[in-house]
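The values are calculated or read from the model by the stated rules, or taken from the named source; none is laboratory data. Fair warning: this is a prediction, and the values are worked out from it, not measured in the lab. All Cβ positions, even for glycine, are placed from backbone atoms using ideal geometry, and neighbour counts span all protein chains on display. To get the accessible areas, we keep the full protein, side chains included, count just its heavy atoms, and leave off ligands, DNA and RNA. Shrake-Rupley method; radii C 1.70, N 1.55, O 1.52, S 1.80 Å.
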Amino acid sequence: MSELLLNHLAGRAQAGTGSGTALLDPVLGTELARVDATGLDLAAGFAFAREKAGPALRALTYAQRGALLAAIVQVLQANRDRYYEISTANSGTVKNDTAVDVDGGIYTLATYAKLGESLGERRHLLDGEAVRLGKDGAFQSQHLLVPTRGVALFINAFNFPSWGLWEKAGPALLSGVPVIVKPATATAWLTQRMVQDVVEAGILPAGALSVVCGSSAGLLDQLQPFDVVSFTGSADTAAIIRSHPAIARGSVRVNIEADSINSALLLPGETPGSEAFELLAKEAAREMTQKAGQKCTAIRRIFVPEALYGAAAEAIAARLAKTTVGNPRNEGVRMGSLVSRAQLFAVREGLATLKQHAQVLHEGAAHALVDADAAVACCLGPTLLGARDPDHTPAVHDTEVFGPVATLMPYRDAAHALALVRRGQGSLVCSIYGSDAAALGAAALELADSHGRVHVVSPEVAATHTGHGNVMPQSLHGGPGRAGGGEELGGARALNFYHRRAAVQAATAVLSTLA
């Protein structure tokens, strides 16, 4: 039997008392490790974080906490090669895709380390200027932000075991809030190893960073009013979380990132082969294949003027045809596997549903696997679908296939295009391609209310834009409606979730002491 990975809770390493759940290599099918949370005293673990780690973190200034994050970055960088090995084995990712997760997580954490330094030697943040409440100005109101005196519980998705940890933990720890992370079981190894490395380095106060691997049973039952929960996953699970008594009645603050049927839109006025046209084709193919399409921000719907539908189909399909699929250990492979058999079956099922409503423009099944057994490996080639009548094909706007699948659709005019994009009912991101600055700006404003991020690509940023699906810590990550209604990152905005806002009404002399 393989190694049973340790949980880290209540300031110490703890093994579950059960036999555990096996973590598998999704390409080779071999067992890598096991995880188990049976028998853990969750109540004691949460209490330790609140009563021991929380006060210790809050005693530090933002600058001091930022320095702790910088020290964590050094630990992670020192173990980077091992993290790459774990990601390849447990997530089935090629090297470039592993970088998105591992290096992206480290970069995000480093960004918040620098933010801590800029916030300086303080332990609370002012929110705006003082406002007088009387004619003479002697009595005023000052809003401020103070760290919540609770625990941050993270329930994370399987697709980003590194970045998903650090994009949440960075702002939480910088805010002075201890973290307990429950990674998705299928890819928990990388999260567990990173937490273990940081804990063993002795950088943080005991209990400030904890990991529970295995079942999530009982975690939500430990929540108290000043705790916070951040969840990334399906809308169905999000609904269960929102209905838990701790949240529904105890008003525990919750952030949800759920399903998102993201779009790429080529504006009118382009021609086949124009720079904006080629930028769309390139980005669509990259988003379909990066991490085998297992990104919450991946492009799922592609909209082009109806006159360019055929040309766009050919351009995207030509790029997809060059994608080699299979064992990520083979240097010739450009797209690895899905993370598990369960995920493979889910993608196949969703693809079968969409094929009932759309034609196949590029068939993923035509891709021969490289150094992988099709009967074992969770590999699936990229599939481009086409729906010529998007107005009367609701399935393409309502079905997210969390894999290397996207649907191309034509539109009549700009107003029709914007209406089709909005049928996603709220998304994390939409990318817009074109060469007319005014038209690009107008489209961005029209779509801003239904998207957490609008990524505008024009020829002058062809070499410098950060990518449709790449979440930068300086920008907001989240989205309204179907996407869950949450907000993460966005620079210093991320700290709001882990702080409580209050108005202090007092004499000017008193308020001056808060500055």
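The table below gives the values:
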item	result
Table column - 3J(HN,Hα) (Hz), the range 169-174, Karplus curve with 6.51, -1.76, 1.60, x for Gly and Pro	5, x, x, 5, 5, 4
Inter-label distance, nm, simple model (7 Å from Cα along the C-beta direction), residue 466/residue 38	4.4 nm
Read-out P(r) over Cα pairs in 20 Å bins from 0, in percent, derived from the coordinates shown; its label in (1) 23, 53, 23, 2; (2) 18, 46, 33, 3, 0; (3) 19, 39, 28, 13, 1	(1)
Apportionment of accessible area to carbon and sulfur, the chain, percent (1.4 Å)	53 percent
Over the chain: helical MRE at 222 nm, DSSP H runs n ≥ 4 each giving -39500 (n - 2.57), nearest 500	-10500 deg cm²/dmol
The range 1-108: C-alpha gyration tensor shape, a/c 1.5 cut-off, then a/b vs b/c	oblate
DSSP beta bridges in the chain [antiparallel fraction, %, rounded to 5]	40 percent
Under 20 Å from residue 282, Cα to Cα: aspartates and glutamates that are on another chain or at least 8 residues apart	97, 270, 306, 314, 363, 436, 460
Over 23 Å between alpha carbons, listed pairs 52/114; 114/182; 95/355; 114/168; 168/295; 295/355	52/114; 114/182; 95/355
Whole-number percent relative contact order across the chain, with pairs defined as alpha carbons under 8 Å at least 6 apart	17 percent
Antiparallel bridges, percent of DSSP beta bridges restricted to the range 4-131 (to nearest 5)	90 percent
For the chain, the longest site-free run once GluC sites (Glu not before Pro) in DSSP loop states with at most 16 other Cβ atoms within 10 Å are removed	122-330
Cα gyration tensor, the range 79-148 - rounded (a/c under 1.5), prolate or oblate	prolate
Sites matching trypsin sites (Lys or Arg not before Pro) across the range 321-375 that sit in DSSP coil, with at most 12 neighbouring C-beta atoms within 10 Å	322
Amide H contacts of residue 27 (H built 1.01 Å from N, under 5 Å, at least 5 apart or other chain)	378
Karplus 3J(HN,Hα) series, Hz, for the range 220-229 with 6.51 cos²θ - 1.76 cosθ + 1.60 (x for Gly, Pro)	5, 5, 8, 6, 10, x, 9, 7, 9, 10
Karplus-derived 3J(HN,Hα), 6.51/-1.76/1.60, for each residue of the range 26-33, Hz, glycine and proline x	x, 9, 8, x, 7, 7, 9, 6
Cα-based helix-to-principal-axis angle, 309-321 vs the chain, degrees rounded to 10	70 degrees
